[in-house]
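The values are calculated or read from the model by the stated rules, or taken from the named source; none is laboratory data. This one's a predicted model, so the numbers in the text were calculated from it and none came from an experiment. Ideal geometry is used to build each Cβ from the backbone, glycine not excepted, and the neighbour counts take in all protein chains shown.
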Amino acid sequence: MSSSRVLICSASRLLTHFRFLLTLRSEEGKYHGLIVFRLSTNNGLSTSDDTETENRSPEWYKQLYVMESTCPHLGAEMTHADIEEYEDSVVAVCPWHRYDFDLKTGKSETGLQTCTYPVHVESDPTDGIDKVYMDAPSDGSNWRVVELRPVSEEFADPPPPPPEAQETSRAPQESDEPVVPFENPPKTLMEWAVLILNTPNPTLKVERTRYAVQAWRTGKITSIGNKSVNTPKPPEVPTREAQYLKNTVDPGKVMKRKNRAVMLHALANIEQWAIDLAWDIMARFGPMHRDLPPAFFSDFTKMALDESKHFTLLCARLSAISPSTPYGTMPVHASLWDSASLTSKSFRARLAIIHLVHEARGLDVNPATIERFRKANDTETVKVMEIIHADEVTHVTAGHRWFVWICEQEMKAKGAVNGGDIVKIFREEVRKYWLGEIKGPFNKEDREKAGLSPEFYEDLRGEMEIERKYGNTNGHEQEASIKDVTQNLARVKIEYES
Ligand code: FES
């Protein structure tokens, strides 16, 4: 096999869906976001993502295409592009401005061109299994697949509100609040991000996330909106509904993880904050870094959707295991947002601390959590946790991708020939914005999949200085809150260990 080809997967893996998101990373740390299209051989063309009758004829091998996942015009996602027959070729039609791109050549009649990659299916002589390869991109070496996932995935039902919230007099306009506000509905992705951050009800937050991401992908939202002077500002802390807020307590007072319901409740709480973190990084840093390419927003809208999916799946399991304690009935903490506050001024620090420290730590501890549910014979929760874990690998990957990007941008602006020493820059960020040791044991395999080699995290200790975190401190009150933050950070780490 030529070294200029990349093994995507076994051919049979592509039979479950018609579209897959494919992410490649090169040895040099470059990324390509791609889509694999499998066109149905039943009618020749299909735009459906749903599983249909399997067609195991090798004929379908000829109908596999790989193209870049963002449109070369203004960066729309092509995951939901219509597929149309055009004269004697097949084209993907961009959902934003309807430019079409030949799936084989990448050419558009508008004169634009996207990258497409020839696909080959060959039998592997070592095991006799048919495998799918693509020609490697030319702007890097030793490309490998870091993500391959279907475009369409299932959500669990939205979580029910806690019992007290059902009984008490919630304002009718709150319970009836529509997914798309009647007055001043958001028009841009940034406006949606800020609306969702300001949506206190978790069910509505999930519904709005699903709506906004779908609208972004299908061309109902055609503007990111991060370059406008009127871009709304995200809240310092996302809002929480009173019924949920009253259970938000000091991290030291949350229940220990004694049983599965407590574990699921704690994990759902983390996922709710994670939804906000995905929207916040777009709303806060999109306007600060106007040169961020559309692929950044594609990665983080996907992350917001993933976290919403995790939240609903965990809440559904919680309801199944313990109907009397639905989400919102147990004490929770907001420690994860402390790290968001500490890094609210620096995109580089945010990526390093939230996505490459906190989320990477999740990769270390998830396998043990999965084992606990397995030992309890809770196979349904094991399945949910395995989905979450696989997604989290891709979130750390996104963190790595954009951390590399911002480092390279900043180094180029300073006139450096290449992007500088990424590992060194990362370790410096952790020293500045983290307190204490980055503790193992590490899940080296999954960290490596996400782009984190051991030199990123081994023998690393945060030496955060209180003054540095907020810049100019100006009084006792602020100093006290900073102290709280550092204590909370220590407790977050303790929770990871439990
Ligand atoms: S045609 Fe794709 S973004 Fe305009």
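Among the residues that make up region 285-303, is at least one of them free of Cβ contacts under 8 Å to residues at least 60 places away in the same chain, assigned to a helix (DSSP H, G or I) and of a type outside the set (Asp, Glu)?
no
Looking only at helices (runs of 4 or more DSSP H) that lie completely in region 403-498, which have at least 1 residues being β-branched (Val, Ile, Thr) and modelled with pLDDT of 95 or more?
In region 403-498, the matching helices (runs of 4 or more DSSP H) lie at 422-433.
Just checking: which of the helices (runs of 4 or more DSSP H) contained wholly in region 103-214 hold 3 or more residues that are away from the ligand (no atom under 16 Å from the Cβ) and at pLDDT 95 or above?
Qualifying helices (runs of 4 or more DSSP H): 189-197.
Going by the structure shown, is Ile354 out of contact with any Gly (no Cβ under 6 Å at 6 or more places or on another chain), aliphatic (A, V, I, L, M), closer than 20 Å to Asn269 by Cβ and part of a helix (DSSP H, G or I)?
yes
Rundown of residues vs (1) of a type in the set (Asp, Glu); (2) farther than 24 Å from Val206 by Cα, yes/no style:
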| position | (1), (2) |
| --- | --- |
| Asp338 | yes, no |
| Leu342 | no, yes |
| Lys345 | no, yes |
| Arg361 | no, yes |
| Thr381 | no, no |
| Met385 | no, no |
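For region 281-298: of the residues being out of contact with any strand residue (DSSP E or B) (no Cβ under 8 Å at 6 or more places or on another chain) and of a type in the set (A, V, I, L, M, F, W, C), which is surrounded by the fewest Cβ atoms within 10 Å (Cβ to Cβ)?
Among those that are out of contact with any strand residue (DSSP E or B) (no Cβ under 8 Å at 6 or more places or on another chain) and of a type in the set (A, V, I, L, M, F, W, C), it is Met288.
Every residue, every condition in (1) modelled with pLDDT of 85 or more; (2) surrounded by fewer than 19 Cβ atoms within 10 Å (Cβ to Cβ), yes or no:
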| residue | (1), (2) |
| --- | --- |
| Met1 | no, yes |
| Leu7 | yes, yes |
| Ser46 | no, yes |
| Asp49 | no, yes |
| Met67 | yes, no |
| Ala76 | yes, no |
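If we keep just the residues of region 88-102 that are more than 7 Å from the ligand (Cβ to nearest atom) and touching a residue at least 40 places away in the same chain (Cβ under 8 Å), which is surrounded by the most Cβ atoms within 10 Å (Cβ to Cβ)?
My answer is Ala92.
For region 109-135, which residues satisfy the criterion of being out of contact with any Cys (no Cβ under 9 Å at 6 or more places or on another chain) and surrounded by 17 or more Cβ atoms within 10 Å (Cβ to Cβ)?
Thr116, Tyr117, Val119, Val121, Tyr133, Met134
Sort through Arg401, Arg374 and tell me the only one that's buried (at least 17 other Cβ atoms within 10 Å of the Cβ) and not aromatic (Phe, Trp, Tyr).
Exactly one residue qualifies, and that residue is Arg401.
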